[in-house]
Amino acid sequence: MDGPGARLTGALLRDWQRRSHEASLPLALRQMEVAGNLGNLRLAAAGASDGYRGPVFMDSDLYKTLEAIGWELAHDPSPALAEFAADAVALIEKAQQSDGYLNSYVQVSGTTRYARLSASHEMYCAGHLIQAAIAHARAQQSQGPPLLGVARRFADQLVDYFGGRETASDGHPIIETALVELYRETGHAPYLSLASQFVEQRGRGLIGDSGFGSRYLQDHLPVRESTEVVGHAVRALYLEAGVVDVAVETGDDELLASSVTRWQDMVATKSSLTGGVGSRHDGESFGDRFELPPDRAYNETCASIAGIQWSWRLLLATGDSRYGDHIERLIYNGFGGAIAAGGQRFFYVNPLQRRDGHYERDDPGRRREWFSCACCPPNIMRLMASLDHYLATTADGVLYLHQFTGASIGANLAGGVLRVDMTTGYPWSGTVDVQVRIAPPEACGLAVRVPAWCRAARFTVNGSPVTPDPADRGYLIVRRHWMPGDVLRCDLGVAPRLTYPNRRIDALRGTVAVERGPLVYCFEQADQPAGASIEDFVLDAGDLPERDADLPGVGPTVTVAVPGERLAPATGAGLPYQGPAGTGTAGTPATAVAIPYFQWDNRDGRAMRVWIPRTRSARNNAAADRSPAADETL
Ligand SMILES: [Zn+2]
């Protein structure tokens, strides 16, 4: 590849992408048959009126799988995946009705089209169909693949039916961003107009009630008047992606600013350390500000994916590095932790603590192969297949590299092409080499994000130090006449560090977490000595030595040894509350071992926790530190 574009070539993200291709997608292809997704479309194609299986949005799982295949075929050709896609597209074409409408549930059940948009997911399915079609069109770079024709016929039907009138939109957003993407792909303005209409008419109570109230559907307040993310987390964040898309394509700065306000509020008051969002199982929803219990966190995998997609759009719209920081946090933690080491089991719910003997009616606390509501696994696969889309952008004669990983990235710049190879063992290593392979004839800029977590970054160009300009908003930008062979080296200190919660998060007061580079760490019982419950460990201040390891079931990793004390196990006699006499008991010196959060639950299913209580002396040390974060923790 010598022209513009990016692809993953190595390091952890490429390993994940390959695993998704080799292990996850074959599982999805089997499940499309086993779970009934393909069968439902066959019934619709045959005009049947009985036999539909599964929830009303079963079509969307197939569309997400097809989107994943579309992106996969661009970087890892596969006759098996191409054949599955061709067969599925032929079936979808056959099931589509003559006016463009397509929904296997509505067609087989005989229910009325668009009669209950609060719950029917008809345009949610349409949105995923459109996204799949765009993936196949862009990845194969051909103008008329059949799936794009199917998607356009459906989109045209939506424009005819909904366009230009006061109407409900779908209870589950995604059609908004899909229509804008289809507008970008085709240049057909009515798609953008309909997306804009759906955004503007939301929040006016037109959608109706699906049984969870209007906040659940983000239909309680017009988008422009809303200052915080509320309700069902995945719906809220898919809607935001569409809001930013509409704002950018229509040049609406006020609409964009409203989305930035909600993003800031979400990150500052409603995000777990992993970036995951959604504090409540009830309604799969956001909680109050600072309501962030680690054990009860819902943090649906799809919400992390939606968060990446929203943040990416804001990064494109604003060029602010904090969006790149947040995407990194989500990719390696909130998203990365959802997939088992083998790539064939998945989390839907991603808490930051699991106790021994955990029981939850709606979630077993272990990864599963598939789900009756299977939104997350194929969503994971479409993001894995498109991870290379989130690496780089160009603006004002500068190639910006937002993520650190093995990659080959090129852009049209300065009257030619700038192509670089990024080589690194990230996130295990913090050393990243960006080597220029092809340089344009004139001077241009090459930029890398300076991660917000990084306290001691050093950069050199061909061995000479360069420093970031604070005016460059979290990036190091080097402008020069680049030559093939030039190397921009980044040394991002990834030594383990302690992270303190905001004191308003009641559930986390007096605790601390371990992070290393972009990775959140956790403590699993499997790594502790026999008889040493992780629930009785308290952290003390001290060095955090790390060690390369290859753990059975987990694979290659870097563990961190954390100093502290082991307290006597709680007896459980009487109420679990006491007067001052029973507090402050000193424990015995001990060390606990932490591993990256994304690698948890690959062993025996015992206890895990991210946040660990601190000893009194560790709390005093934090106070003496005088850092704002330390003050916040007292
Ligand atoms: Zn999901």
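When residue 340 is tested against (1) modelled with pLDDT of 95 or more; (2) over 18 Å from residue 595 (Cα atoms); (3) over 10 Å from the mean Cα position of the chain (by Cα), only condition (2) is not met.
Tell me, yes or no, whether region 151-164 has at least one residue that is open to solvent by less than 20 Å² (accessible area, probe 1.4 Å), assigned to a helix (DSSP H, G or I) and under 20 Å from residue 29 (Cα atoms). No: region 151-164 contains no residue that is open to solvent by less than 20 Å² (accessible area, probe 1.4 Å), assigned to a helix (DSSP H, G or I) and under 20 Å from residue 29 (Cα atoms).
Take the conditions (1) open to solvent by less than 10 Å² (accessible area, probe 1.4 Å); (2) assigned to a loop (DSSP other than H, G, I, E, B); (3) away from the ligand (no atom under 13 Å from the Cβ); (4) touching a helix residue (DSSP H, G or I) at 6+ places or on another chain (Cβ under 7 Å); residue 350 misses just one of them, which is (3).
Working carefully through the options 191, 216, 183, find the one that is closer than 20 Å to residue 283 by Cβ, hydroxyl-bearing (Ser, Thr, Tyr) and surrounded by 20 or more Cβ atoms within 10 Å (Cβ to Cβ). Walk me through how you get there before you give the answer.
Numbers: 191 fails: closer than 20 Å to residue 283 by Cβ; 183 fails: closer than 20 Å to residue 283 by Cβ.
Unique residue meeting the criteria: 216.
Kindly evaluate residue 43 against the criterion of being under 17 Å from residue 132 (Cβ atoms) and either over 23 Å from the mean Cα position of the chain (by Cα) or charged (D, E, K, R) (or both).
Working: under 17 Å from residue 132 (Cβ atoms): no; either over 23 Å from the mean Cα position of the chain (by Cα) or charged (D, E, K, R) (or both): yes.
Spelling it out, it is not the case that residue 43 is under 17 Å from residue 132 (Cβ atoms) and either over 23 Å from the mean Cα position of the chain (by Cα) or charged (D, E, K, R) (or both).
Of the residues contained in region 25-38, one or more are found to be small (Gly, Ala, Ser) and not in a loop (DSSP other than H, G, I, E, B).
Tally up the residues in region 227-250 that are part of a loop (DSSP other than H, G, I, E, B) and either open to solvent by 10 Å² or more (accessible area, probe 1.4 Å) or within 16 Å of the ligand (Cβ to nearest atom) (or both), please.
Applying the first criterion (part of a loop (DSSP other than H, G, I, E, B)) to region 227-250 yields 227-231.
This time we only want the ones that are either open to solvent by 10 Å² or more (accessible area, probe 1.4 Å) or within 16 Å of the ligand (Cβ to nearest atom) (or both), so: 227-228, 231.
Here the count works out to 3.
Per the conditions (1) buried (at least 22 other Cβ atoms within 10 Å of the Cβ); (2) touching a Ser or Thr at 6+ places or on another chain (Cβ under 8 Å); (3) of a type in the set (A, V, I, L, M, F, W, C), the sole criterion not satisfied by residue 102 is (2). Across region 530-581, the qualifying residues are those that are without any contact (Cβ under 8 Å) to a residue 40 or more places away in the chain and among the polar types (S, T, N, Q), and the one among them that is least open to solvent (accessible area, probe 1.4 Å) is 559. The single condition among (1) more than 16 Å from the ligand (Cβ to nearest atom); (2) surrounded by fewer than 22 Cβ atoms within 10 Å (Cβ to Cβ); (3) more than 30 Å from residue 257 (Cβ to Cβ) that residue 319 does not satisfy is (3). Examine region 260-269 for a residue that is over 27 Å from residue 519 (Cα atoms) and either under 19 Å from the mean Cα position of the chain (by Cα) or surrounded by 21 or more Cβ atoms within 10 Å (Cβ to Cβ) (or both), and state whether such a residue exists. Within region 260-269, none of the residues are over 27 Å from residue 519 (Cα atoms) and either under 19 Å from the mean Cα position of the chain (by Cα) or surrounded by 21 or more Cβ atoms within 10 Å (Cβ to Cβ) (or both).
Condition check: within 16 Å of the ligand (Cβ to nearest atom) and either touching a Phe, Trp or Tyr at 6+ places or on another chain (Cβ under 8 Å) or within 30 Å of residue 507 (Cα to Cα) (or both). Does residue 368 satisfy that?
Judged against the criteria, residue 368 is a match.
Screening 209, 253 for residues that are in contact (Cβ under 8 Å) with a residue 40 or more places away in the chain, open to solvent by 10 Å² or more (accessible area, probe 1.4 Å), out of contact with any Gly (no Cβ under 8 Å at 6 or more places or on another chain) and acidic (Asp, Glu) leaves exactly one candidate, 209.
Here are some residues: 254, 300, 291. Which one is under 30 Å from residue 535 (Cα atoms) and away from the ligand (no atom under 16 Å from the Cβ)? Quick ask: steps written out before the conclusion?
On the way: 254 fails: under 30 Å from residue 535 (Cα atoms); 300 fails: away from the ligand (no atom under 16 Å from the Cβ).
Result of the check over 254, 300, 291: 291.
With respect to (1) within 15 Å of the ligand (Cβ to nearest atom); (2) in a loop (DSSP other than H, G, I, E, B); (3) among the β-branched types (Val, Ile, Thr), the lone exception for residue 308 is condition (2).
Which residue out of 53, 14, 30 is free of Cβ contacts under 8 Å to residues at least 12 places away in the same chain and open to solvent by 20 Å² or more (accessible area, probe 1.4 Å)? Going through 53, 14, 30 in turn, the sole match is 30. Do we have residue 273 as within 15 Å of the ligand (Cβ to nearest atom) and either open to solvent by less than 10 Å² (accessible area, probe 1.4 Å) or in contact (Cβ under 8 Å) with a residue 12 or more places away in the chain (or both) here? When the stated conditions are applied, residue 273 does not pass them. For region 277-288, the set of residues classified as touching a residue at least 40 places away in the same chain (Cβ under 8 Å) and either open to solvent by 40 Å² or more (accessible area, probe 1.4 Å) or within 12 Å of the ligand (Cβ to nearest atom) (or both) consists of 278, 284, listed by residue number.
The values are calculated or read from the model by the stated rules, or taken from the named source; none is laboratory data. Model, not experiment: these values are computed from the prediction. Reconstructed Cβ throughout: ideal geometry from the backbone, glycine too, with neighbour counts over all protein chains shown. Ligands, DNA and RNA are stripped out before the accessible areas are found, and what is left, the full protein with its side chains, is counted by its heavy atoms. Shrake-Rupley method; radii C 1.70, N 1.55, O 1.52, S 1.80 Å.
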